[in-house]
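Below: one structure, written as structure tokens.
The values are calculated or read from the model by the stated rules, or taken from the named source; none is laboratory data. This structure is a prediction, so every number in the text was calculated from the model and none was measured. Here Cβ is always computed from backbone atoms with ideal geometry, including for glycine, and neighbour counts include all displayed protein chains.
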Amino acid sequence: MEGLPPPHGGRLVDRIIHGKTPNFANLQKLAIDDETFSDCMNIAVGIFSPIEGFLTNDQYRAVIKDMHLANGTAWTIPILLDVKKEDGIKEGSEIALAYNGKPIASMAVEDVYKYDKQELAKKVYGTNDVAHPGVAKTLAMKDFLVGGKISVLDGIQRPYQNHTFMPAETRKIFQERGWKTVVGFQTRNVPHSGHEGLQKAALNLHDGLFINPVIGKKKKGDFKDDIIIDSYSALIEGYFPKSRAFFGILHWEMRYAGPKEAIMHAIMRKNFGCTHFIIGRDHAGVGNYYHPFAAQEIFKEFPDIIIQPLMFPAFYYCKKCFSVATEKTCPHGKEDHLEFSGTFMRNLINAGQSPPVELIRPEVFAAIKKANDPFIS
């Protein structure tokens, strides 16, 4: 691939209202939660290109049937707006979506439809086990879905606005830096030396690195957003060339859908302008619901998404090699390995102990220690 890829579906969606503001006073108002607000903004600024609103019945059925939109564009996780019958939303109407009591978008309602929650959970997550956080959330949804295009007010601020970028902005930044190949890196954790080794291995072969952590609601035990941002800022400041790495956040509520979410993560980074995307072990997984490398295998089914997955084996620190290594580069046995275990490092931090410097940079650990409780409870 030469140059940045085209947006997914061929064009970058823009559903921001640049002209006259709608008269929200005359519209029925529907209150939305944090996740739906995030989805609205991601639709409006083109992160979810090519969709322009919440999925209609036809689009929903197409996605859960064969992981593509009705026009054949790859899409693996439906973006949905659920409502109660009592909300009284009518097909053909225009409504206002209100966040924290204030209208932030209008929606042209194309259809209101019933759906099967068990089917949705099984198709997206591959299981109906309520212990899976995505399944539990799906089964708690309201009984109807509303589909239609949205239009979002201009100038709405999002959390951590100074780290928030639209695809049109990142594409311009990458082009101004002369990057023809850009590697996207997804994370919901603080960086350890394995992450850094993986990122720099990719950066050795490509022009730029886009570190793009997920910010938003995650599961209990994950790191808080402030800690993720501060720890990555410390790592990039001390250990990456400023001209080769760029940091920006992704507002996205983790679905923990494993391989299907990996495809969605790649599509979003493609819209930001990435040519390549790192897919690690157990990408977007939770528990033991997915094979550790299922998120890498699924890309064989999507040769048309025009972003190249970079698939690395598991990294560890080898005490004999004195470096971050993989089974492809290190001949030594497990007795010489320090594994990059998130659980191990969480346990050390909770016990007030410092992780080995081979596993995490001191500056990163200092950023973590600033918080009394760095984990979501």
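Just a few scattered comments:
- Sole residue being more than 24 Å from Thr36 (Cβ to Cβ) and either modelled with pLDDT of 95 or more or outside the structural domain of Gly46 (by TED's automatic domain parsing) (or both), chosen from Leu250, Leu209: Leu209
- Pairs meeting the criteria (first residue in the range 233-245 and more than 18 Å from Tyr160 (Cβ to Cβ), second residue part of a loop (DSSP other than H, G, I, E, B), beta carbons under 6 Å, at least 6 apart or on different chains) are lacking.
- Entirely in the range 220-324, the helices (runs of 4 or more DSSP H) that have 1 or more residues that are more than 20 Å from Asn189 (Cβ to Cβ): 259-272, 294-297
- Failed item, numbered, when Leu55 is tested on (1) crowded, with 21+ Cβ neighbours inside 10 Å; (2) out of contact with any Pro (no Cβ under 7 Å at 6 or more places or on another chain): (2)
- Any hit, the range 130-140, residues being modelled with pLDDT of 95 or more and closer than 15 Å to Lys29 by Cα: no
- Residue within the range 14-25 that is outside the structural domain of Asn271 (by TED's automatic domain parsing), closer than 17 Å to Met268 by Cβ, of a type in the set (Ser, Thr, Tyr) and touching an Asp or Glu at 6+ places or on another chain (Cβ under 9 Å) present: no
- Figure legend. Inter-residue proximity from the range 332-361: first residues of a type in the set (Asp, Glu), second residues surrounded by fewer than 17 Cβ atoms within 10 Å (Cβ to Cβ), beta-carbon distance below 7 Å, spacing 6+ or different chains. Indicated pairs: Asp336/Lys319; Asp336/Lys320.
- Whichever residue in the range 238-264 is surrounded by 19 or more Cβ atoms within 10 Å (Cβ to Cβ) and of a type in the set (A, V, I, L, M) and, among such residues, is nearest to Ile360 (Cα to Cα): Ala245
- Some residue of the range 43-52 being surrounded by fewer than 21 Cβ atoms within 10 Å (Cβ to Cβ) and not β-branched (Val, Ile, Thr): yes
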